[in-house]
Amino acid sequence: MSASTGDTRPESGVEGEEENPGDWNIRPPTVLVADGPNRASRYAEHLPDPFPVRRAATAEEAREETSQAVGVGIFGAGVDEETKADLLELLHVRSPFARAVVIQGEDGPPMLQGASYDVCLFTPVDPEELCEAVARLARIGTYERAVSAYFEYTTHAASMQVGRDREELADNETFQDLERRIDRTQATLERIRAALDEADRRILMESIDADPTGGFADTTKKTGGRHPDACSACGLGWGQDHGGGLGTGYEQLGAFVWKCSRCSNVQQTGSASHRWLARR
């Protein structure tokens, strides 16, 4: 990577981007493009609206630009593999739901085994292939982050309601803000779910099936398969047909996150490891 600077940050239309990471799920994630200045500019120009783009022409710039707002990282052929691995690790520490594309030279080998990237492309990069990869990874990462935010908000709201009537919370600004966040995040989840294609669903199901070690967890005895046996709040059994609009008792919101059909309680178990789509 050269020492020249090339930074582009289209306005996202949301003030306090870094100060309000909890609302990240309701706006397009930022894409970080790290490569030599010419290629970084070219890749950034290929990306469609409405993604805000940050360019980094040096490893140090890439580290400075990596934040919780970044949803997709693109690490080009001008970045050596050791630096790529370092930047990928930093990205996932600062933005746990971020996904990544690595680009290798035309005659180069695939990215090193075990690196936490999702897609590997080779130069010369096809613009449509790059745009498709970024859009898919942004969609999946945003969905996962929205699920996490929904769980956080609903859990907080439920804890505030313990021992109190809803009338008591009518003028509570914190509770009302949580209610608004829950509504917005639920709308985001519904919108993204409607846009998911078969490949998206397969990737998400791989995350649901996988355990934190990258193997496959046998959860049948403890959780009745992929989901808990019953709602932890109201005790409704899950996985059996209840009828009356309750269906099988639950709705799967994401990897290891479920919502009760009767009381709307959201519960979560162990988290899945980061799934890869790497083309090796």
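Every condition in (1) modelled with pLDDT of 90 or more; (2) crowded, with 18+ Cβ neighbours inside 10 Å; (3) within 25 Å of GLN186 (Cα to Cα) holds for ARG94 except the one numbered (2). Every test in (1) over 18 Å from SER116 (Cβ atoms); (2) not in a loop (DSSP other than H, G, I, E, B) is passed by GLY78 save one, and that test is (2). Inside the stretch 48-86, can you point out the residues that are of a type in the set (S, T, N, Q) and in contact with a Phe, Trp or Tyr (Cβ under 9 Å, 6 or more places away or on another chain)? Residues satisfying the conditions are GLN68, THR83.
Number of residues in the stretch 151-179 that are under 18 Å from LYS259 (Cα atoms) and free of Cβ contacts under 8 Å to residues at least 24 places away in the same chain equals 4. Whether any residue in the stretch 83-90 is basic (Lys, Arg) and at pLDDT 95 or above is what I want to check. No; the residues of the stretch 83-90 include none that is basic (Lys, Arg) and at pLDDT 95 or above.
The set of residues from the stretch 64-84 being over 19 Å from CYS120 (Cα atoms) and more than 20 Å from the chain's Cα centre (by Cα) comprises just one member, GLU64. The sole residue among VAL119, VAL101, VAL79, VAL72 that is farther than 19 Å from GLU144 by Cα, among the β-branched types (Val, Ile, Thr) and buried (at least 20 other Cβ atoms within 10 Å of the Cβ) is VAL79. Residues that are closer than 23 Å to PRO37 by Cβ, assigned to a loop (DSSP other than H, G, I, E, B), polar (S, T, N, Q) and at pLDDT 90 or above: does the stretch 118-141 have at least one? Scanning the stretch 118-141, I find at least one residue that is closer than 23 Å to PRO37 by Cβ, assigned to a loop (DSSP other than H, G, I, E, B), polar (S, T, N, Q) and at pLDDT 90 or above, so the answer is yes. When the stretch 48-57 is filtered for residues that are in a loop (DSSP other than H, G, I, E, B) and either surrounded by 20 or more Cβ atoms within 10 Å (Cβ to Cβ) or at pLDDT 95 or above (or both), the ones remaining, listed by number, are PRO52, ALA57.
The values are calculated or read from the model by the stated rules, or taken from the named source; none is laboratory data. All values derive from a computational prediction rather than experimental measurement. Neighbour counts are summed over all protein chains in view; Cβ atoms, including those assigned to glycine, are modelled from backbone coordinates with ideal geometry.
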